[in-house]
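The values are calculated or read from the model by the stated rules, or taken from the named source; none is laboratory data. Nothing here was measured: the structure is a model prediction, and the numbers come from that model. Backbone-built Cβ (ideal geometry, glycine too); neighbour counts: all protein chains shown. For accessibility, only protein heavy atoms count, side chains too; no ligands or nucleic acids. Shrake-Rupley method; radii C 1.70, N 1.55, O 1.52, S 1.80 Å.
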Amino acid sequence: MNIGNTQAELILFFTLYGITGVVSLLAALYLMLRRSNAIAPGVTPPLRLRRWTSSFFAVATLAHVWWLLFYIYSGDVNSVSYLVIVMLDCVLLFSSFAGMLLAMLQDRRRPVWPALVTMIPFVALWGALMVYPSKLIEQITAVYLVLLGLLFTVHMIFAIRQYGRWLNDNYADLENKKVWLCQAVALGCMLMFVLYVLATNIILIWLIHIIELVLVGLLLWRVETLPQLDSISMVEASTSTPDAPTLTPDIDDPSPLISTIDLAQIEQLLTERCVNTQLYLQHDLTVQQLAQSIGTNRFYLSQYFSRQGITYNTYINNLRINHFITRYQELTAAGQSIGAQQLSRESGYRSYSTFSMAFKQRTGQAVRVWTRESVE
């Protein structure tokens, strides 16, 4: 890696290098020491995610320090110290990075120890390389790291899809709950690492450090805005027994608990206690809350939606969009004007962008197009 030949290039590089290191350090200290949420004060993020992200930032800071010391006092890429630093980089950064991404998925608690186990062969190969320098061992180690990265990426793709299905089955409001950005972060970090290793142009190296600053900001935003969700293992939910419901009905509700999947009865209760009462207009209404309101549990209600070929999120969104359409037509017929954004909030949506996507999915038209045609 050529970091620059002139004194001016070296000064600029180490200035940017120092900034990225300091920003990572400040981000790590902020997540470790500050208990309140500065970016989204009304959101309580998962503590596990906060700790893993703080660890990742701390490791990134340490990497900046030991690489700086290496180039100041040695700079010999053929030395044992160079190999030790590379090994520390790979093991610590990959482990903390994996823990951070897995902590974003709240459908169930995914262990990090498999990621640590997969690093054992790498450490063994790298140790052999330090004792017996060999081009073959170096190539095998590089191939193993690439395969490990690909395997983890594939695992994350399936895990994120599973998490997305869990969200649709349990939450009506998905604003800031989706974590598709995990994929962008993973690809960004992998790209940054490859470019950093292969880069020979000083401008490209500067760009990589700027990307690092963007990633730090992105991760901080994700940690601060991702709310703590009530997680339940999908496996546990699927193996629940009718004799052991997870929820009980309201104590003021005299109706008995539904312990069997009676589709007609559940449909009637949904009409009475969700549609007629407009319970669906409640922000952040979960399938657990809806199940409790009709006297059953989350498992049976989810089974009902599954048999209807829809998800809980689809069910609630359809009710909300129908409510919006009905109210808009009523107000228009009465000669009253109301903005689509205001009416979307009254229809149960916190975010207009979320409402817009749900509306287009439900009607096949954009909100602006539909409202214009309705007036005509």
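Points to keep in mind about this one:
- Flag for residue 36 being within 30 Å of residue 131 (Cα to Cα) and of a type in the set (S, T, N, Q): no
- Selection count, the range 35-74, where residues are closer than 20 Å to residue 126 by Cβ and not in a helix (DSSP H, G or I): 1
- Subset tally (residues that are farther than 17 Å from residue 51 by Cα and not in a loop (DSSP other than H, G, I, E, B)) for the range 105-114: 1
- Residues in the range 286-301 that are of a type in the set (S, T, N, Q) and open to solvent by less than 50 Å² (accessible area, probe 1.4 Å): 286, 293, 296, 297.
- Selection count where residues are at pLDDT 85 or above, under 24 Å from the mean Cα position of the chain (by Cα) and open to solvent by less than 50 Å² (accessible area, probe 1.4 Å), scope the range 138-151: 1
- Selected residue (only one of 154, 223, 194 is at pLDDT 65 or above and either within 21 Å of residue 21 (Cβ to Cβ) or in contact with a strand residue (DSSP E or B) (Cβ under 6 Å, 6 or more places away or on another chain) (or both)): 223
- Just so you know, in the range 278-301 the residues that are in a loop (DSSP other than H, G, I, E, B) and farther than 23 Å from residue 177 by Cα include one that is modelled with the lowest pLDDT, and it is 296.
- Checked across the range 320-340, the condition of being within 26 Å of the chain's Cα centre (by Cα) and at pLDDT below 90 holds for no residue.
- Among (1) out of contact with any Lys or Arg (no Cβ under 8 Å at 6 or more places or on another chain); (2) buried (at least 16 other Cβ atoms within 10 Å of the Cβ); (3) β-branched (Val, Ile, Thr) - the single one residue 123 does not satisfy: (2)
- Being at pLDDT 90 or above, among the hydroxyl-bearing types (Ser, Thr, Tyr) and within 23 Å of the chain's Cα centre (by Cα) is a property that residue 314 has.
- Put simply, of 33, 83, 93 the only residue that is without any contact (Cβ under 8 Å) to a residue 40 or more places away in the chain and surrounded by 12 or more Cβ atoms within 10 Å (Cβ to Cβ) is 93.
- Flag for residue 102 being part of a helix (DSSP H, G or I), open to solvent by less than 30 Å² (accessible area, probe 1.4 Å) and either touching a residue at least 60 places away in the same chain (Cβ under 8 Å) or among the small types (Gly, Ala, Ser) (or both): no
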